[in-house]
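Novice: Next up is a structure, given as structure tokens.
The values are calculated or read from the model by the stated rules, or taken from the named source; none is laboratory data. No experiment lies behind these values; they were computed from the predicted model shown. Note: ideal-geometry Cβ built from the backbone for every residue, glycine included; neighbour counts use all protein chains shown. Side chains are part of the model used for accessible areas, which takes the heavy atoms of the whole protein and leaves out ligands, DNA and RNA. Shrake-Rupley method; radii C 1.70, N 1.55, O 1.52, S 1.80 Å.
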Amino acid sequence: MENIVINGGRELYGEIEVSGMKNAAVAVILSCLLVKDTCTLENLPNISDVRASFDILESMGAVVKRLSSTTIQVDCTHCRCGTSPYELVRKMRASYYLIGAELGRYHRASVGCPGGCDFGIRPIDQHIKGFEALGATVNVEGGYVEAFAENGMIGNQVYFDGVSVGATMNIIIAAALAKGTTVIENAAREPHIVDLANFLNTCGAEITGAGTDVIKIKGVESLHGCTYAIIPDMIEAGTFMIAAAATGGRLKINNVIPKHLESITAKLEEMGVTVEELDDAVIVSRSGELTSVNIKTMPYPGFPTDMNPQMCALLCLASGTSRLSESVWDTRFRYVEELKRMGANIKVDGKVAVVEGPVTFSAAPVRAVDLRAGAAVIIAGLAAKGRTVIDDIYHIKRGYEDIVGKLSAVGASIKEVHTPDPVPYEKAN
Ligand code: EPU
């Protein structure tokens, strides 16, 4: 068994480095399938979702070479379609990008249904709507997505019924090598969408409008290799900003794009936290009390849903009543029970959490029920008095590179402990 153990109550001081963005990296890596050449990807986070993405490509015949802890070279020239094992694909949500990449390159796809954090139903109907608009026939059967485009992928107009990060990226990938021009309307505008478009354009694609809600993809004949650096992870940066605010220290958070953090910065300032913006860093400090605020998660540039749990942990420490409304995922609040074990006073009514504060967190055994929920219990543990033990930390490792080492280096008492698995009852007797 692996646990994270925190002895809380210490302020965080010093400098901390943010890694490359998970949700950009996984899309860029899987889109390398479109390129029959070598791509060198820099500023990659060393996390299990990134390793799983390369494992998927390797299982299809890619040649993958690690050049350093953050740089990996991949050559997909000899990849074969539909050969990624189900066990690999179901490890993470982002494996749905393989459907777009296989359709783009082979005009057919056979991919196991994607896994990832459990937020209730996670449909891919908008991805399928887009693939069908581009000429594919798609069937979901027996845990697999099977797709076939008899006449190849053909550019078309795609209007999404709701804003979806994954569907926007998947149709960009599927359309990059299509015949003709694809226009995506009601596209998501997240920075990782711009990053994917920049990567593909560096390989020779013709994508314009990424970062707005109308994206045009003029299909090209082929893509060539390139060297490309992934953008910094705004959610990791935001998590450290909140950790500094929760402990009351002063943290310089390096390798960030401050513009991507604006919605988080604005809410922290409203709560009484000081945020100083530099070119590629932010300095976060807090000396006084935290005050309550109301927050609604929204697609970018709104407050990110992936900061909902971490922010909720901070709201528990603020004086007064805060309302945290979730507008993206149906069951994002599963982490609330874990924070309550640590003394939080939170009532959830549908997609709204009402948080009464301030509370003093008390250490408790808790679970990382998903990736960002794991970050929230780490923040609560850093602020709590006593020893917090976190279970199911594999969720955290999917998305945070060496979070234990990074927080230790700025003064947290946090470590990962490995204990032998409990002996099954029948063997013990
Ligand atoms: N939706 C549909 N149909 C679809 C696709 C989405 O109804 O075909 C709905 C979803 O059910 C949800 C909303 O649209 O209610 C938004 O979903 P979206 O497609 O934007 O999410 P995603 O692409 O599956 C990515 C991130 C998530 C992040 C969301 C929202 C990756 C691999 N995952 O998921 O990240 O929460 O966007 O920003 O990029 C995380 O990193 O912890 C994480 C869960």
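Novice: From the list 169, 153, which residue is assigned by TED's automatic domain parsing to the domain that holds residue 85 and more than 11 Å from the ligand (Cβ to nearest atom)? Write out each step before concluding.
Specialist: Numbers: 169 fails: more than 11 Å from the ligand (Cβ to nearest atom).
Of the residues listed, the single one that is assigned by TED's automatic domain parsing to the domain that holds residue 85 and more than 11 Å from the ligand (Cβ to nearest atom) is 153.
Novice: Right, here's the next one. What number goes with the only condition from (1) assigned to a strand (DSSP E or B); (2) of a type in the set (A, V, I, L, M, F, W, C); (3) open to solvent by less than 50 Å² (accessible area, probe 1.4 Å) that residue 404 does not pass?
Specialist: The single condition residue 404 does not satisfy is (1).
Novice: Given the options 105, 80, 66, 93, name the one that is in contact with a Leu (Cβ under 8 Å, 6 or more places away or on another chain) and open to solvent by 10 Å² or more (accessible area, probe 1.4 Å).
Specialist: Working: 80 fails: in contact with a Leu (Cβ under 8 Å, 6 or more places away or on another chain); 66 fails: in contact with a Leu (Cβ under 8 Å, 6 or more places away or on another chain); 93 fails: in contact with a Leu (Cβ under 8 Å, 6 or more places away or on another chain).
Result of the check over 105, 80, 66, 93: 105.
Novice: Something else now. Surrounded by fewer than 24 Cβ atoms within 10 Å (Cβ to Cβ), more than 16 Å from the ligand (Cβ to nearest atom) and more than 25 Å from residue 17 (Cβ to Cβ), is that true of residue 302? Lay out the reasoning, then the answer.
Specialist: Details: surrounded by fewer than 24 Cβ atoms within 10 Å (Cβ to Cβ): yes; more than 16 Å from the ligand (Cβ to nearest atom): no; more than 25 Å from residue 17 (Cβ to Cβ): yes.
Against the criterion (surrounded by fewer than 24 Cβ atoms within 10 Å (Cβ to Cβ), more than 16 Å from the ligand (Cβ to nearest atom) and more than 25 Å from residue 17 (Cβ to Cβ)), residue 302 does not qualify.
Novice: Residue by residue through segment 369-401, note down the ones that are open to solvent by 30 Å² or more (accessible area, probe 1.4 Å) and either part of a loop (DSSP other than H, G, I, E, B) or within 21 Å of residue 317 (Cα to Cα) (or both).
Specialist: 385, 386, 387, 389, 392, 401 - these are the residues of segment 369-401 that are open to solvent by 30 Å² or more (accessible area, probe 1.4 Å) and either part of a loop (DSSP other than H, G, I, E, B) or within 21 Å of residue 317 (Cα to Cα) (or both).
Novice: Does residue 146 satisfy the condition of being modelled with pLDDT of 95 or more, farther than 18 Å from residue 220 by Cα and not hydroxyl-bearing (Ser, Thr, Tyr)?
Specialist: On the way: modelled with pLDDT of 95 or more: no; farther than 18 Å from residue 220 by Cα: yes; not hydroxyl-bearing (Ser, Thr, Tyr): yes.
Taking the combined requirement at face value, the residue does not satisfy it.
Novice: Does residue 294 satisfy the criteria of being within 14 Å of the ligand (Cβ to nearest atom) and in contact with a strand residue (DSSP E or B) (Cβ under 7 Å, 6 or more places away or on another chain)? Step through it out loud before you land on a result.
Specialist: On the way: within 14 Å of the ligand (Cβ to nearest atom): no; in contact with a strand residue (DSSP E or B) (Cβ under 7 Å, 6 or more places away or on another chain): yes.
When the stated conditions are applied, residue 294 does not pass them.
Novice: Now for a different question. Restricting to segment 60-101, name every residue that is away from the ligand (no atom under 15 Å from the Cβ), over 25 Å from residue 396 (Cα atoms) and among the small types (Gly, Ala, Ser).
Specialist: If the condition is that a residue be away from the ligand (no atom under 15 Å from the Cβ), over 25 Å from residue 396 (Cα atoms) and among the small types (Gly, Ala, Ser), then 61, 62, 82 are the ones that fit.
Novice: Given the criterion closer than 25 Å to residue 91 by Cα, among the small types (Gly, Ala, Ser) and either in contact with a Cys (Cβ under 8 Å, 6 or more places away or on another chain) or in contact (Cβ under 8 Å) with a residue 40 or more places away in the chain (or both), identify the matching residue among 353, 373. Reasoning before the result, please.
Specialist: Values: 353 fails: closer than 25 Å to residue 91 by Cα.
So the residue among 353, 373 that is closer than 25 Å to residue 91 by Cα, among the small types (Gly, Ala, Ser) and either in contact with a Cys (Cβ under 8 Å, 6 or more places away or on another chain) or in contact (Cβ under 8 Å) with a residue 40 or more places away in the chain (or both) is 373.
Novice: Among the residues that make up segment 201-210, is at least one of them under 19 Å from the mean Cα position of the chain (by Cα), closer than 20 Å to residue 22 by Cα and within 11 Å of the ligand (Cβ to nearest atom)?
Specialist: No: segment 201-210 contains no residue that is under 19 Å from the mean Cα position of the chain (by Cα), closer than 20 Å to residue 22 by Cα and within 11 Å of the ligand (Cβ to nearest atom).
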